[in-house]
1. Sort 102-115, 344-357 by packing, meaning the average of other beta carbons within 10 Å per residue, with the highest value first.
2. Taking Rh as the Kirkwood radius, which is the inverse of the mean 1/r over Cα pairs, what is the Rg/Rh value for the chain?
3. With only Lys, Arg, Asp and Glu charged, each at its Cβ (+1 for the first two, -1 for the last two), find how big the charge dipole of region 43-83 is about the Cα centre; round to the nearest 20 debye.
4. Taking a quarter of the surface of the convex hull around the Cα atoms of region 346-419, what do you get in nm²?
5. So, R0 is 25 Å and r is the distance between the beta-carbons of ALA404 and THR27; what FRET efficiency does that work out to, to 0.05?
6. Return the calculated 222 nm mean residue ellipticity for the chain, to the nearest 500 deg cm²/dmol, obtained by summing -39500 (n - 2.57) across DSSP H runs with n ≥ 4 and dividing by the residue count.
7. As a test, work out the antiparallel percent of DSSP beta bridges whose residues both lie in the chain, rounded to the nearest 5.
8. Which percent, nearest 5, of DSSP beta bridges in region 94-329 are antiparallel?
Amino acid sequence: MASERPPSPSQEAARAALGAAEARLITNNPLSKAQHDLAVGTLPGGNTRTLLHTSPFPLCMKQGKDAYVWDIDGHKYVDFVGELSAGLLGHSHPTIHSTLLSTFSDTGLSLGATTPHEQTFAALLCDRFRLARVRMTNSGTEANLHALAGARHFTGRRKVVVFSGGYHGAVLSFPDGKPAANTVDRQDFVVVSRYNDLSLARQVIEQTEDLAAVLVEPMQGAGGCIPGTREFLQGVRQAAREKGVVFILDEVMTSRLAPGGLGWEMGLDPDMVTLGKYLGGGLAFGAFGGREEVMKVYDPRVEGALAHSGTFNNNTLVMCAGTAVLREVYTAAVCVAFNERGEKFRERLGKVAKSSRLSVTGRGSLIGLHFTEDGTQEIGCGEDLRGKERPDLRDLFWFEMLEAGFWTTRRGFIAMILGTPDDELDRFVDALGDFLERYRDIMMLGEYGPWG
Ligand SMILES: Cc1ncc(COP(=O)(O)O)c(C=O)c1O
């Protein structure tokens, strides 16, 4: 049997710190613990969205307002979870608030018919993201499922090339170089083992038979906020064109990063684009769209067209909220300014974390925090982190940030909220600095740490 490596001094020290932090969380959050104990009686593991489970129990929130949330034990947090990017507008944006109320009173819910609202929203989406045609869904997952079905119908082929670390929805994820156990049609996906490796991607695309589509994120979001390089993305796009397959750009997470989405910023000219998250104003939303000839497979006037069902696809609340988002709230100018703020924030975090075991990745208003043994800065794909990750440090940071009043994801993903005040961003940078100082022996590297 292979002998396990003994824990490093940093790991030994982290274990004690982590135990103490977890004990404080338990003491300070009795109502969240009681709520969790109740919830496990009806929901497997006490929740209905796996990502929200955290050990020893998740903190239970009772309210969100602007860029803040409050848990049921009475603690207030600056919200850096930002609903994994769907909460970009915060919890109570006045324009969304008034739009939802006026839609309810003036239009009503669930009309069971086409409405002018879906056409208005569709026109704005097409204009903003340069799509010839668009269809609405209830989630980003659905958007990708329908885009894939469309690409298969259009080409008459089945296989899809995706990338390790790619996440395209609840039943479409590809961690560790293979489809997750719950991925649909697992046998139809060919997974390129390294994101950002153009020659490998080209080879896989060229060699795969029966290929219908290439599905890729311009920045891997759930995979750790790892941006695709321009050269890689353009090369993959070109390889898809040469092979004659549909290039589907998953912008569910990244459409917020540039006015026309990150793909256009990168000069990609995708055949299909999938959207979701904040574009529904904080309500359940997804969309897929693209070139007219591809989207035509969904035109019910054409014989043999694909069906695209969904009771709530054109629900009035989302159609009107989405219209308000694009027209009034997240305009192109707001998008640019917001992401510039994000760039500066990320750079400041990176500077504070220099010479530590924390590396900061991302783009604009989406940020990834990575805790590794050697503090590697060379992160082009998830495989660059393999064997180096320090989940103990990641957890310690999460516990400590909660105590400092910041709600972040335990996995180390920050999705900024539009209305977060600058002084809260400053306070977070300071909190990180304090954390690194307090745990210098655990977190710092080389001459900056006690052990080297
Ligand atoms: C890139 C990407 N695609 C698709 C999805 C799925 O979206 P939804 O959770 O709305 O189904 C997500 C969700 O995080 C995502 O990040």
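1. Result, highest mean first: 344-357, 102-115.
2. On the way: Rg = 22.5 Å, Rh = 23.2 Å.
Rounded to two decimals, Rg over Rh is 0.97.
3. Working: 4 positive and 5 negative charges, 16 e Å.
The dipole magnitude comes to about 80 debye.
4. Values: hull surface 20.5 nm².
Computed as one quarter of the Cα hull surface, the answer is 5.1 nm².
5. Working: r = 17 Å, r/R0 = 0.66.
According to the calculation, E is roughly 0.90.
6. Details: 14 runs with 169 residues, N = 452.
After summing the helix terms and dividing by the residues of the chain, the value is -11500 deg cm²/dmol.
7. Of those bridges, close to 65 percent are antiparallel.
8. Working: 14 of 28 bridges.
Bridges in region 94-329 are about 50 percent antiparallel.
The values are calculated or read from the model by the stated rules, or taken from the named source; none is laboratory data. These numbers come from a predicted model, not from an experiment. Ideal geometry is used to build each Cβ from the backbone, glycine not excepted, and the neighbour counts take in all protein chains shown. Accessible surface is based on the protein model in full, side chains and every heavy atom, while ligands, DNA and RNA are left aside. Shrake-Rupley method; radii C 1.70, N 1.55, O 1.52, S 1.80 Å.
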